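Novice: My questions will all concern the structure given below.
The values are calculated or read from the model by the stated rules, or taken from the named source; none is laboratory data. As the structure is a prediction and not an experimental result, all values here were calculated from the model. So basically every Cβ, Gly included, is an ideal-geometry build from the backbone, and we count neighbours across all protein chains shown.
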Amino acid sequence: MASVLGKRLKEARLRIGLSQAQVGINAGMDQSVASTRINQYERDVHVPGFAVAEQLAKALKVPSAYFYAVDDQLAAWILAYAKIPASDRRTIMEEAGIAPRRL
């Protein structure tokens, strides 16, 4: 069974229609190993360190936290939150009771 990170990596890659090689190249990997490395991450043969995961997140245009969300609904919320304009995030957090209200 794939790690959460491997599962999320594959989901994000397929969602935007990139090949494993293209994701690796976009994340700064050498073209000669990019496809193999992404394939190994997706199959949980290897798990990337956090710095590499951040580069992969940038390449896939997802928050790095998405890769670590064990719960599928939380993962969906992380993606949705990233799409909300920053100006609206504070209001949402205030309404949820997780940020102090402004005076």
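Novice: Out of Ala99, Ala65, report the one residue that is within 19 Å of Leu14 (Cα to Cα), in contact with a helix residue (DSSP H, G or I) (Cβ under 6 Å, 6 or more places away or on another chain), surrounded by 10 or more Cβ atoms within 10 Å (Cβ to Cβ) and free of Cβ contacts under 8 Å to residues at least 60 places away in the same chain.
Specialist: Of Ala99, Ala65, the one residue that is within 19 Å of Leu14 (Cα to Cα), in contact with a helix residue (DSSP H, G or I) (Cβ under 6 Å, 6 or more places away or on another chain), surrounded by 10 or more Cβ atoms within 10 Å (Cβ to Cβ) and free of Cβ contacts under 8 Å to residues at least 60 places away in the same chain is Ala65.
Novice: Answer yes or no as to whether Gln73 is among the polar types (S, T, N, Q), in a helix (DSSP H, G or I), surrounded by 13 or more Cβ atoms within 10 Å (Cβ to Cβ) and out of contact with any helix residue (DSSP H, G or I) (no Cβ under 6 Å at 6 or more places or on another chain).
Specialist: Criteria not met by Gln73.
Novice: Taking the conditions exactly as written (on the phi < 0 side of the Ramachandran plot and either assigned to a loop (DSSP other than H, G, I, E, B) or at pLDDT below 95 (or both)), does Val62 satisfy them or not? Break it down into steps so the answer makes sense when it comes.
Specialist: Details: on the phi < 0 side of the Ramachandran plot: yes; either assigned to a loop (DSSP other than H, G, I, E, B) or at pLDDT below 95 (or both): yes.
Spelling it out, Val62 is indeed on the phi < 0 side of the Ramachandran plot and either assigned to a loop (DSSP other than H, G, I, E, B) or at pLDDT below 95 (or both).
Novice: When residues of the stretch 35-52 are filtered for being surrounded by 19 or more Cβ atoms within 10 Å (Cβ to Cβ), in contact (Cβ under 8 Å) with a residue 24 or more places away in the chain and under 14 Å from Gln20 (Cα atoms), how many remain?
Specialist: 3
Novice: I'd like the residue in the stretch 82-103 that is hydrophobic (A, V, I, L, M, F, W, C) and part of a helix (DSSP H, G or I) and, out of all such residues, is modelled with the highest pLDDT. Even if it seems obvious, please write down each step before you answer.
Specialist: So the first thing to find is which residues in the stretch 82-103 are hydrophobic (A, V, I, L, M, F, W, C), and the list is 82, 84, 86, 92-93, 96, 98-99, 103.
Filter once more, so that each one left must be part of a helix (DSSP H, G or I): 82, 86, 92-93.
On the way: Ala82: 94, Ala86: 86, Ile92: 86, Met93: 86.
Here the residue is Ala82.
Novice: Please verify whether Arg37 is among the basic types (Lys, Arg) and modelled with pLDDT under 95, treating the condition exactly as stated.
Specialist: So Arg37 does not fit the description; no.
Novice: If the requirement is being outside any helix (DSSP H, G or I), of a type outside the set (D, E, K, R) and in contact (Cβ under 8 Å) with a residue 12 or more places away in the chain, which of these qualifies: Leu18, Leu79?
Specialist: Leu18
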